[in-house]
Structure formats: structure tokens, C-alpha cells
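Readers should treat all values here as calculations from the given coordinates under stated rules, not as data from a laboratory. Being a predicted model, the structure only gives us computed values, none of them experimental. Please note: Cβ atoms are built from the backbone with ideal geometry, for glycine as well, and neighbour counts cover all protein chains shown.
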Amino acid sequence: MRATFKNEPFTNFQLESNNKAYDAALALVGTKLGRDYPLIIGGDRVTTTRIAASTNPASKNQIIGNVSQANASLAEEAIQTAARTFDSWKHTAPDERARYLYRAAALLRRRKHEFSAWMTVEAGKTRAEADADTAEAIDFMEFYAREMQRISKPQPLTPLDEEENQLYYIPLGVGIVIPPWNFPLAIMAGMTTAALVCGNTVVLKPASPTMVIAAQFVELLEEAGVPAGVVNYLPGPGSEVGDYLVDHPLTRFISFTGSREVGLRINERAAKTQPGQKWIKRVIAEMGGKDAIIVDNDANLDLAAESIVASAFGFSGQKCSACSRAIIHEAVYDEVLAKVIDRTQQLTVGDPAVVSTNVGAVIDDKAFRKIQEYIEIGKGEGQLVVGGASDDSVGYFIEPTIFADVAADARISQEEIFGPVLAFTKAESFEDALQIANNTEFGLTGAVISNNREHLELARRDFMAGNLYLNRKCTGALVGAHPFGGFNMSGTDSKAGGRDYLLLFTQIKIVSERF
């Protein structure tokens, strides 16, 4: 029996020895840059004539890898391979499937800094952000392996005389996994291994900016012994390959993390029954947020400022859980704003491979232009008090940016920017702050900083967020402790890293035998 699950510890980068180990990992990764990455279908490597280069967002001319791109024909091959493999994989014992995850987690733990270093160069993550990402990937595999073993045991049912009743969680079939680039290891690994440990097979279409990290992980699964065809690696254009996979009649479910627009499009396409389709496709979607931190008039203001800055500007605000709205009681508004400005001005923007960097580059030119556009919009909706500058001469760098005195219905208060842009809004009362926080179409994360028990309990009841944090930042969910997922346009309310998550990848079968 495996020990009780516990979260993988983060690396302490205050210790010089850990920084030296990370530097060594960066050097190792540096010797592997620019390699070619084929598709992986049924264990076979498939090189195509269409190649996409993955580049370093902090050094845009540096090629991380050259990745073969699939077309509709290869997507068909991947689906058919996954369907054939499912016929045998679904009969693999749950304990055996769990052991593949334990093995993969152990291998990843031994190469922790190496995988983190890949994220530094391909996703632009600082050491601490990359290390947390790798730790979460380990957590997902350790947690889901234990969960599979738990739900595969006999489940409690009401006993009947002279009859035996058993409940089984059985796999669904072929799943399409479409992960995001912002947690290119953790979320991708969690979505993929949750599906396979339940007995499903997977076609993994990685996010275009982080295709190399996904390829590295698929190779890790192979090293762990996962049979060929269980996970098929299929990078390619979303409009061609993604749509084909979603629409296919053999697709049983789609697990997606990304933007609201793409998630809704997938949900709409999946709802249309295709010729030969025998089931209603299941969509498991996490689609972003417009998250707020409320600061009450009696709050610890230093804690509030620390929480806001960490939540708003960690990984350049490129988290669906990031704080993009600070809603502050008018009695402490000026003081909190001043404290946040002071802390923000102390952040160092630069190459995430450098130890002293706090804020790296945004992911690519598209994100860079979108965030610039929102900064220009913000100049007409509020007072620019920090940042606003950007530079893409070497990489895609944007300063942490704060707008003060922003109306609750302003565009930068309502629309997901996915960058280091924070809107400050003044509230007349705590009840007013809560109403402002709930006034978006999203409902993912939120936080309240307050010493008023009545207000904390009011938020506990009425703050519409799937993950609500009281007197702490609104980012940094831990597997097992903070099952993660939101309401409304933030997704389908799936809770990754929670005890009910694997049920989304299974269906229930009851067998009754009368004696």
C-alpha cells in the first residue's frame, strides 16, 4: 500500500546550492535545443513536411525545437490507433494503471530541475514558477494514481438478501486532451494521466507555444512503460487538427483547458452528433477567469498588498487564477494602492533564467499585442500609476501595469487580459465590493482580505468563485488541498486535483446477481 498522498515540496531558491543545480539543468537543456520532434502515433515516430518552430519568449530568435505538424489524415490515424489500443488498455487492472503513474512521477522527480528548465526556456517561467509547475505535475500523478486505486475498490451499496450488487467505474473510450501553454507540464500531465489511469486512451494535442515540453513528457511516459498507443502525441493547427479530433465520431470525450472562446466552440461542436457516433460526447472544460481580491476596511494591509502583487504579476499574470481586479474599501483604498505600487516597482522584469528575475516575458507575439491593446484601453478607463511600457526587441516583455480608479463595468474590469495588467476599483462598503467581484461572467478564483468574521462568512456564502481564498492570495492551488475549477464561463465546474475529478473520465456500471 502506498503512503498517504502529500504534496511535492517546492525548491528553496534562497539556497545557493539549489540555484547551482538549476543552472546545471539550464546548461543541460541548452545542449538539446533546436532538435526535431516527430509525432508519436502508436509508438511510431512520424515526421511531416510541415514543421513549426517553438521559440523562447524571452529570446524570440532562439529555437527550442522544430516540431512536426499533423494534418487531418494523421489525426484520423491517431484516433484509429487510440481506438484499437483502447480495446486492450481498458482491461488493464486499475492497480497496474496506477503503477505507471507512480513510475512516471518518480522519473519526473529525479529530473525535476531539467523539466523546470525546459519551461524556463520554452514558456518563460522563472525558477520558482517552473519549479511549482513541475511539483504540481508530480502531485497530479501521485494523487490520481491513489484515486484510481480508491475508486476501483468495492463501493458501498445497500445490501439485499440473496443478491450481490457491485458498482464499477469503467473507462469511456478515446479522449482528446487539449491542454494550455501557461501550465505546460502540470495541467497537460494532469489532464493526460487522469484520462489514462481510468483506462481511456488519449490523443494529446499540445498547446502550440509549448509543444516541446509536451513531447518531453510523452517520452517520459514511454520510459515509465506506458504501452504504445495509450497516449498519442499530435501537435498541429487547431483549426484543422483540433476541429477534426473534436468532431470525430470515435471521440468519446474532450478535456480542454484554455480560453472561453475556444472552450465554447469545442462545447458547441462536441454537442453535434456525427454519423456513426454511439454516445453523447463529454466535455470537461476550464476556461479562464476575471479574478478579484477584495480588501476590507479592517484588513491587514501589508498582507493585502503582498497577496495582490503575487497574484497579479506571478508569471506575468498569465494564469487563469491571476488577480486582475483589486476591489478595495474606500477607507483604505489610497493606502493599499500605495503599498501595491511600492511592491510592484521593486519587481525585476527580465530573462526568467536569471536568478533575480521576478517577471519574465509573455508567451508570444500574439499575447504581446493583445496586452498592449488592453493597456491602451486602460489609459482611457483609469489612471495609469505603474508600468505600461513594453519591449519586443529581444523577447516579449511587458512591465507590470496598474490602473487606478477603474469603474466596475470597464473593459479592463470585465474582459480576461491574461497579462500583467491590474485594475484598482474603489468600493463604498464590503457588500458593494462583493457585488463588484461577482459582476462578471466568470467565477474561477477570488480572495478576501479581512479581519471581520461576519464579512468573511458572507463571502464564504455569496462570493461566486469555485476557489475562494480568505486572507491569502488567489493563486497557488495545491493538488488534494484545493481542488481547482470554477463556475459560469470559467468552465464545467470540474475540480482538477480533487476526489471527484476521475469520475469525469469514467462511467458507472452496476452488476446485480441473484442467487
The stretch 291-487: radius of gyration and largest Cα-Cα distance (Dmax), Å: 15.7, 51
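Which percent, to the nearest 5, of DSSP beta bridges fully inside the stretch 291-487 are antiparallel?
Details: 6 of 28 bridges.
Here the antiparallel bridges make up roughly 20 percent for the stretch 291-487.
Taking N as the number of residues in the stretch 8-49, what value does Rg over Cα atoms divided by 2.2 N^0.38 Å take? Working shown, then result.
Details: Rg = 16.8 Å, N = 42, 2.2 N^0.38 = 9.1 Å.
Dividing the Cα Rg of the stretch 8-49 by 2.2 N^0.38 Å gives 1.84.
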Whole-number D in µm² s⁻¹ for the stretch 203-245, Kirkwood Cα-pair radius fed into Stokes-Einstein, 4 °C, 1.567 mPa s: 119
Helix-only mean residue ellipticity at 222 nm for the chain, each DSSP H run of n ≥ 4 adding -39500 (n - 2.57), per residue, nearest 500: -11500 deg cm²/dmol
Antiparallel bridges, percent of DSSP beta bridges restricted to the chain (to nearest 5): 40
13 Å beta-carbon shell around residue 444, net charge (K/R +1, D/E -1): 0
Alpha-carbon radius of gyration plus Dmax, which is the widest Cα pair, for the stretch 243-303 in Å: 18.8, 62
At q = 0.14, 0.16, 0.21 Å⁻¹, base-10 log of I(q)/I(0) for the stretch 60-185 (Debye sum, equal scatterers on each alpha carbon): -0.89, -1.06, -1.25
Amide N of the stretch 213-257 lying under 19 Å from the label point, which is placed 7 angstrom from the Cα of residue 96 along Cα→Cβ: 221-232
Calculated FRET value between residue 240 and residue 411, using beta carbons and R₀ = 30 Å, to 0.05: 0.40
Cα extents of the stretch 424-479 along the three principal axes, largest first (Å): 36, 27, 22
In nm, spacing of pseudo-spin labels at residue 356 and residue 508 (7 Å Cα→C-beta vector): 5.8
Surface/4 estimate of mean projected area, convex hull on alpha-carbon atoms of the chain, nm²: 25.2
Cα pair distances in the stretch 428-515, grouped into 5 Å bins until the bin that holds the longest one, percent each: 3, 13, 19, 20, 15, 10, 6, 4, 4, 3, 2, 1, 0, 0
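So how much slack lies between residue 24 and residue 10, counting 0.36 nm per residue of separation and subtracting their Cα-Cα distance, in nm?
In short, 3.2 nm is gained.
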The stretch 153-244: radius of gyration and largest Cα-Cα distance (Dmax), Å: 17.4, 59
Radius 11 Å from Cβ of residue 494, net charge of other residues (Lys, Arg +1; Asp, Glu -1): -1
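Determine one quarter of the surface area of the Cα convex hull of the stretch 356-422, which equals its mean projected area, and express it in nm² to one decimal.
Details: hull surface 18.2 nm².
Directional mean of the projected Cα hull area for the stretch 356-422 stands at 4.5 nm².
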Ratio Rg/Rh [Cα only; Rh per Kirkwood] for the stretch 250-343: 1.26
Mean Cβ neighbour count within 10 Å, used as a protection proxy, ranking 353-365, 2-14 highest first: 353-365, 2-14
Backbone N under 16 Å from the residue 468 label point (7 Å along Cα→Cβ), restricted to the stretch 293-314: 293-296
P(r) of the stretch 73-144 over all Cα-Cα pairs, binned every 5 Å from zero, in whole percent: 3, 15, 17, 13, 13, 16, 15, 7, 1
Sum of side-chain charges, residue 75 neighbourhood, beta-carbon under 9 Å (Lys, Arg +1; Asp, Glu -1): -2
